[in-house]
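Report on one structure; see the data block that follows.
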Amino acid sequence: MMVTEKMEHNPVGWFEIPVHDMERAKTFYEAVFNMPIEVHSMDDGMVMGWFPMSETGSGASGSLVKAKGYIPTHEGTLVYFSEPAIETALKRVRNNGGNVIKEKTDIGQYGFIAYIEDTEGNRIGLHNMTS
(Lines give C-alpha, C1' and ligand atoms only; values in the text may rest on other atoms or scores of the structure.)
Protein backbone atom coordinates (compact mmCIF):
# COMPACT_ATOMS: atom_id res chain seq x y z
CA MET A 1 0.00 0.00 0.00
CA MET A 2 1.37 3.40 -0.92
CA VAL A 3 0.68 6.38 1.34
CA THR A 4 0.26 9.48 -0.77
CA GLU A 5 -0.43 11.91 2.05
CA LYS A 6 1.48 12.58 5.23
CA MET A 7 -0.28 10.84 8.12
CA GLU A 8 -1.14 13.19 10.97
CA HIS A 9 -1.63 10.38 13.50
CA ASN A 10 -1.23 6.65 13.89
CA PRO A 11 -4.21 4.57 12.75
CA VAL A 12 -5.18 3.15 16.16
CA GLY A 13 -7.04 5.59 18.36
CA TRP A 14 -8.45 3.37 21.12
CA PHE A 15 -8.28 -0.22 22.39
CA GLU A 16 -10.37 -2.31 24.76
CA ILE A 17 -9.13 -5.30 26.75
CA PRO A 18 -11.85 -7.74 27.89
CA VAL A 19 -11.88 -8.76 31.57
CA HIS A 20 -13.85 -11.14 33.78
CA ASP A 21 -13.06 -9.43 37.11
CA MET A 22 -12.56 -5.66 36.88
CA GLU A 23 -11.01 -5.21 40.32
CA ARG A 24 -8.51 -8.03 39.78
CA ALA A 25 -7.60 -6.70 36.31
CA LYS A 26 -7.33 -3.12 37.58
CA THR A 27 -5.00 -4.22 40.38
CA PHE A 28 -2.84 -6.21 37.92
CA TYR A 29 -2.47 -3.45 35.31
CA GLU A 30 -1.86 -0.73 37.89
CA ALA A 31 0.90 -2.84 39.49
CA VAL A 32 2.57 -3.96 36.25
CA PHE A 33 2.51 -0.63 34.43
CA ASN A 34 2.64 1.69 37.46
CA MET A 35 -0.29 3.83 36.33
CA PRO A 36 -3.73 4.59 37.73
CA ILE A 37 -6.86 3.15 36.13
CA GLU A 38 -10.20 4.91 36.65
CA VAL A 39 -13.20 2.56 36.80
CA HIS A 40 -16.53 3.82 35.45
CA SER A 41 -19.89 2.06 35.30
CA MET A 42 -21.85 2.88 32.17
CA ASP A 43 -25.65 3.06 31.85
CA ASP A 44 -25.82 -0.15 29.80
CA GLY A 45 -24.17 -2.26 32.52
CA MET A 46 -20.71 -2.06 30.97
CA VAL A 47 -17.84 -1.42 33.40
CA MET A 48 -14.75 0.29 32.00
CA GLY A 49 -11.32 0.78 33.55
CA TRP A 50 -9.75 3.70 31.68
CA PHE A 51 -5.99 3.87 31.20
CA PRO A 52 -4.45 7.35 31.50
CA MET A 53 -4.47 9.41 28.33
CA SER A 54 -2.40 12.29 27.01
CA GLU A 55 -4.23 14.66 24.67
CA THR A 56 -0.92 15.68 23.06
CA GLY A 57 1.16 12.49 23.32
CA SER A 58 1.58 9.85 20.64
CA GLY A 59 0.03 6.40 20.68
CA ALA A 60 -3.42 5.21 21.69
CA SER A 61 -5.07 4.87 25.05
CA GLY A 62 -7.74 2.39 25.96
CA SER A 63 -9.73 0.62 28.59
CA LEU A 64 -10.31 -2.60 30.45
CA VAL A 65 -13.90 -3.66 29.75
CA LYS A 66 -16.30 -5.97 31.57
CA ALA A 67 -19.47 -6.42 29.54
CA LYS A 68 -21.52 -8.92 27.60
CA GLY A 69 -19.62 -10.02 24.51
CA TYR A 70 -16.18 -9.09 25.90
CA ILE A 71 -14.26 -12.34 26.31
CA PRO A 72 -10.57 -12.49 27.30
CA THR A 73 -8.45 -14.53 24.87
CA HIS A 74 -4.97 -15.44 23.66
CA GLU A 75 -6.20 -15.33 20.08
CA GLY A 76 -7.04 -12.30 17.99
CA THR A 77 -5.73 -8.78 18.22
CA LEU A 78 -2.56 -8.25 20.22
CA VAL A 79 -2.12 -4.94 22.08
CA TYR A 80 1.46 -3.83 22.81
CA PHE A 81 2.21 -1.59 25.77
CA SER A 82 5.26 0.65 25.51
CA GLU A 83 7.44 -0.38 28.44
CA PRO A 84 10.78 1.30 29.19
CA ALA A 85 11.97 -1.54 31.48
CA ILE A 86 10.72 -4.85 30.12
CA GLU A 87 12.59 -7.08 32.62
CA THR A 88 11.20 -5.09 35.55
CA ALA A 89 7.69 -5.30 34.11
CA LEU A 90 8.04 -9.08 33.67
CA LYS A 91 8.94 -9.39 37.38
CA ARG A 92 5.82 -7.36 38.25
CA VAL A 93 3.74 -9.60 35.97
CA ARG A 94 4.94 -12.71 37.83
CA ASN A 95 4.48 -11.06 41.25
CA ASN A 96 0.90 -9.98 40.47
CA GLY A 97 -0.69 -13.17 39.18
CA GLY A 98 0.17 -12.97 35.48
CA ASN A 99 2.34 -15.25 33.37
CA VAL A 100 5.25 -14.58 31.05
CA ILE A 101 4.60 -16.21 27.69
CA LYS A 102 7.77 -14.99 25.95
CA GLU A 103 10.76 -13.46 27.69
CA LYS A 104 12.32 -10.21 26.45
CA THR A 105 13.43 -10.78 22.86
CA ASP A 106 15.64 -8.63 20.64
CA ILE A 107 13.92 -7.79 17.34
CA GLY A 108 16.85 -5.90 15.84
CA GLN A 109 16.33 -2.33 14.69
CA TYR A 110 12.76 -2.43 16.04
CA GLY A 111 13.80 -2.86 19.67
CA PHE A 112 12.63 -5.52 22.11
CA ILE A 113 9.38 -7.35 22.82
CA ALA A 114 7.92 -9.74 25.38
CA TYR A 115 4.51 -11.43 25.69
CA ILE A 116 2.54 -11.83 28.88
CA GLU A 117 -0.78 -13.29 29.97
CA ASP A 118 -2.75 -11.02 32.28
CA THR A 119 -4.89 -12.24 35.18
CA GLU A 120 -7.91 -12.45 32.87
CA GLY A 121 -6.33 -14.72 30.23
CA ASN A 122 -5.46 -12.07 27.63
CA ARG A 123 -2.18 -12.16 25.69
CA ILE A 124 -0.51 -8.72 25.86
CA GLY A 125 2.70 -7.51 24.24
CA LEU A 126 5.41 -5.31 25.74
CA HIS A 127 7.64 -3.22 23.48
CA ASN A 128 10.71 -1.05 23.96
CA MET A 129 12.88 0.56 21.29
CA THR A 130 16.07 0.90 23.34
CA SER A 131 16.80 -1.98 25.73
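The values are calculated or read from the model by the stated rules, or taken from the named source; none is laboratory data. The shown structure was predicted, so the numbers you read here are calculated from the model rather than taken from an experiment. Note: ideal-geometry Cβ built from the backbone for every residue, glycine included; neighbour counts use all protein chains shown. These accessible areas exclude ligands, DNA and RNA; they are computed on the full protein's heavy atoms, side chains included. Shrake-Rupley method; radii C 1.70, N 1.55, O 1.52, S 1.80 Å.
Whole-Hz Karplus ³J(HN,Hα) for segment 101-109, in order, using 6.51 cos²θ - 1.76 cosθ + 1.60 and θ = phi - 60°, x for Gly and Pro?
Computed from phi, the couplings for segment 101-109 are 8, 9, 5, 3, 10, 6, 10, x, 5 Hz.
Calculate for the chain the 222 nm mean residue ellipticity that helices alone would give, adding -39,500 (n - 2.57) per DSSP H run of length 4 or more and normalising by residue count, nearest 500 deg cm²/dmol.
-5000 deg cm²/dmol
Cross-link partners among lysines for K104, C-alpha distance below 22 Å, same-chain residues fewer than 8 apart left out?
By straight Cα distance, K104 reaches K91.
Give the separation of the Cα centroids, segment 5-48 to segment 52-86, in Å.
6
Compute the signed sum of charges (Lys and Arg +1, Asp and Glu -1) over the other residues within less than 10 Å, Cβ to Cβ, of H20.
My count for the surroundings of H20 gives 0.
Any lysines with Cα under 16 Å of the K26 Cα? List them, leaving off those in the same chain fewer than 8 positions away.
Within reach: K66.
Counting DSSP beta bridges in the chain, what percent are antiparallel, to the nearest 5?
70
Using a probe of 1.4 angstrom, how much of the accessible area of segment 14-131 is carbon and sulfur, in percent?
51
Please list, or write none, the lysines whose alpha carbon is within less than 27 Å of the alpha carbon of K6, excluding same-chain residues fewer than 8 places away.
Within the straight-line limit of under 27 Å, K6 reaches no lysines at all.
In terms of the Cα gyration tensor, with a ≥ b ≥ c the square roots of its eigenvalues, is the chain rounded because a/c is under 1.5, prolate because a/b exceeds b/c, or oblate?
Oblate is the answer for the chain, as a/c is 1.5 or above yet b/c matches or exceeds a/b.
Counting only heavy atoms of the protein chains, get the accessible area per residue of segment 1-129 (1.4 Å probe) and round it to a whole Å² value.
Result: 64 Å² of accessible area for each residue.
Taking only the C-alpha atoms, wrap a convex hull around segment 74-114 and report its volume per residue in Å³ as a whole number. Could you put the intermediate results ahead of the total?
Working: hull volume 3.5 nm³, N = 41.
Convex hull volume per residue, Cα atoms: 86 Å³.
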